[in-house]
Amino acid sequence: MNNANNLNFKAEDQEDFAHEAMHVSFVSIVINIALSVGKLLAGIFGHSAAMVSDAVHSASDVFATFIVMAGIKLSDRSADLDHPYGHDKIEYIASLLLGVILAAIGFGIGYEGIKNIVTGEYLRVQLPTLMPLIAAVISIVSKEIMYRWTMVTAKKINSGALVADAWHHRSDALSSIGSFVGIAGARIGFPIMDSLASIIIAIMILVVAKSIFMDATNKLVDHSGNQEMIAAMCKHVSQQEGVLGIDDIRSRMFGSKFYVDIDIAANGALSLYEAHRIAQHVHDTVEANFPDVKHCMVHVSPYEEHEKDL
């Protein structure tokens, strides 16, 4: 298959992946809006601060999903004169923003929970009814299903922003578990449990926010590829016809893909045409056999007997 056909297939796959990501994101928005409204009403009329906090978290999911959709849409744009390497990193800027928003929500919810305990506010509120307890169960089940579906799709299309959104679903499911425990504890005679649940929810959100933030940061600062991939690539390249050694190999992340620079050694007596043919073959076989590689650059040097492969 020639390079033109490869590019066509990659473009078609990219379009399908973007469509799939948008479909998951749209479903997420619909479910999160329904959950946000339901949990907010259950928290207000069921007298549960923990459920109100949980509703705020779910509402943040709607905003977060819009950020993810915008990031995926913008990163899917083709390279242009001002951005010759494409727009892939925009997706991770979206993930970074999502991490910051989650952290802000976590601090806000934690502050309210601590304030209620310190001021004794939890003693002056009515005990939660059964309504927020039922809402917590519905939220746990639905958000865990959304987490699994979104994560499977994210891995399929290799989308960092969608992974971040999946973890946002999981954090919402975990916060609903905290709500359930707090509401149940308050109903059996421990009113402080409802406020403690808000603090636990906040901690869970902050942990997820840190994970998303660090992952996005690593990918924005050209983090190198994992050593297993590099080792497999070295082995594969060294087995190609005409390659007598590997002088160096470097990789860096660009969005969810890798750019790879390989310095190979070949017979110094070869013609420029033959050396170029070997380099082109290495380039093609790396991009064909390592789908996470967006582009491979190959440099050829004359082989010296004292050189050692990587």
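The values are calculated or read from the model by the stated rules, or taken from the named source; none is laboratory data. Everything numeric in this text was worked out from a predicted model, so none of it was measured. Cβ atoms come from the backbone with ideal geometry, glycine included; neighbour counts cover every protein chain shown. Side chains included, ligands, DNA and RNA excluded: accessible areas come from the protein's heavy atoms. Shrake-Rupley method; radii C 1.70, N 1.55, O 1.52, S 1.80 Å.
Confirm whether I246 is among the β-branched types (V, I, T), under 34 Å from the mean Cα position of the chain (by Cα) and open to solvent by less than 60 Å² (accessible area, probe 1.4 Å). Yes, satisfied. Set side by side, the residues S176, S224 differ, and just one is touching a helix residue (DSSP H, G or I) at 6+ places or on another chain (Cβ under 9 Å) and either crowded, with 22+ Cβ neighbours inside 10 Å or in a helix (DSSP H, G or I) (or both), which is S176. Only one of the numbered conditions (1) modelled with pLDDT of 80 or more; (2) closer than 30 Å to L130 by Cα; (3) buried (at least 17 other Cβ atoms within 10 Å of the Cβ) is not met by V237, and that is (2).
Can we say L270 is open to solvent by 40 Å² or more (accessible area, probe 1.4 Å) and within 30 Å of I105 (Cβ to Cβ)? Answer is no for this residue.
Pick out the one residue from V207, V125, V137 that is at pLDDT below 80, more than 12 Å from the chain's Cα centre (by Cα), more than 25 Å from K257 (Cβ to Cβ) and surrounded by fewer than 23 Cβ atoms within 10 Å (Cβ to Cβ). V125 is the lone residue from the list that is at pLDDT below 80, more than 12 Å from the chain's Cα centre (by Cα), more than 25 Å from K257 (Cβ to Cβ) and surrounded by fewer than 23 Cβ atoms within 10 Å (Cβ to Cβ). Listed conditions (1) in contact (Cβ under 8 Å) with a residue 60 or more places away in the chain; (2) within 23 Å of I93 (Cα to Cα); (3) open to solvent by 10 Å² or more (accessible area, probe 1.4 Å) are all met by V152, apart from (1).
The residues on offer are D194, D165, and the sole one that is closer than 23 Å to I33 by Cα and surrounded by 18 or more Cβ atoms within 10 Å (Cβ to Cβ) is D165. Check whether at least one residue in the stretch 111-120 is assigned to a helix (DSSP H, G or I), acidic (D, E) and closer than 23 Å to H47 by Cα, and report yes or no. Yes: the stretch 111-120 contains one or more residues that are assigned to a helix (DSSP H, G or I), acidic (D, E) and closer than 23 Å to H47 by Cα. For the stretch 210-221, residues that are of a type in the set (D, E, K, R) and surrounded by fewer than 18 Cβ atoms within 10 Å (Cβ to Cβ) total 1.
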